[in-house]
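Visitor: I'd like to ask you about the structure that follows.
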Amino acid sequence: MVRADDLIEGSSRLQAEEFRRRYPGWDRWGLSGFFARNETDVEDLAADRLERFPVLRLYRPSVLEEVGFQIVPTFRTPHVTLAFGGDLDLWIDKLRTAEHVERTNPYHESD
């Protein structure tokens with residue numbers, strides 16, 4: 001799983017709140033992610049769909065599922081939503097502290 005970070009404080013919270021506003025019937029929070037099968041997929045995502053983000057965070061799906069995230073295919077492949085309910089701050093902290101690899105996006109160009 002690949003999540004991009006814009007390094008703006010509170011960005012994940014805003015994204016989760018927007019998801020909940022758009023899909024109130026689901027009664028869940030949601031954060032965007034992308035499924036990547038291999039390094040080539042990660043490179044393609046970094047260069048194309050995630051080029052505006054300076055940092056990429058790579059998670060094994062099993063790690064996210066072990067801490068309680070539901071990984072739901074949404075929109076167009078390879079997009080997924082990391083869905084969760086309950087205390088938003090707790091879940092954002094779970095995501096931040098879950099085992100992952102952080103990389104600088106080599107395709108990001110500063111404004």
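The values are calculated or read from the model by the stated rules, or taken from the named source; none is laboratory data. The structure presented is a predicted model; accordingly, all values stated were derived computationally and were not measured. Glycine also receives a Cβ, built like all others from the backbone with ideal geometry; neighbour counts cover every protein chain displayed.
Visitor: Only one of these conditions is not met by residue 8: (1) closer than 18 Å to residue 104 by Cα; (2) among the aliphatic types (A, V, I, L, M); (3) at pLDDT 95 or above; (4) exposed (fewer than 15 other Cβ atoms within 10 Å of the Cβ). Which number is it?
Guide: (3)
Visitor: Starting from the range 65-76, take each residue that is closer than 14 Å to residue 99 by Cβ and list its partners that are part of a loop (DSSP other than H, G, I, E, B) and not charged (D, E, K, R), counting only C-beta distances under 7 angstrom and pairs at least six apart or across chains.
Guide: Here the result reads 67/98, each pair linking the range 65-76 to a residue that is part of a loop (DSSP other than H, G, I, E, B) and not charged (D, E, K, R).
Yes/no matrix, rows are residues, columns are (1) surrounded by 14 or more Cβ atoms within 10 Å (Cβ to Cβ); (2) not β-branched (Val, Ile, Thr):
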| site | (1), (2) |
| --- | --- |
| 59 | yes, yes |
| 70 | yes, yes |
| 80 | yes, no |
| 85 | no, yes |
| 89 | no, yes |
| 96 | no, yes |
| 99 | no, yes |
| 107 | yes, yes |
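Visitor: Mind checking which residues of the range 27-41 are farther than 17 Å from residue 17 by Cβ and touching a helix residue (DSSP H, G or I) at 6+ places or on another chain (Cβ under 6 Å)?
Guide: Within the range 27-41, 34, 36 meet the criteria.
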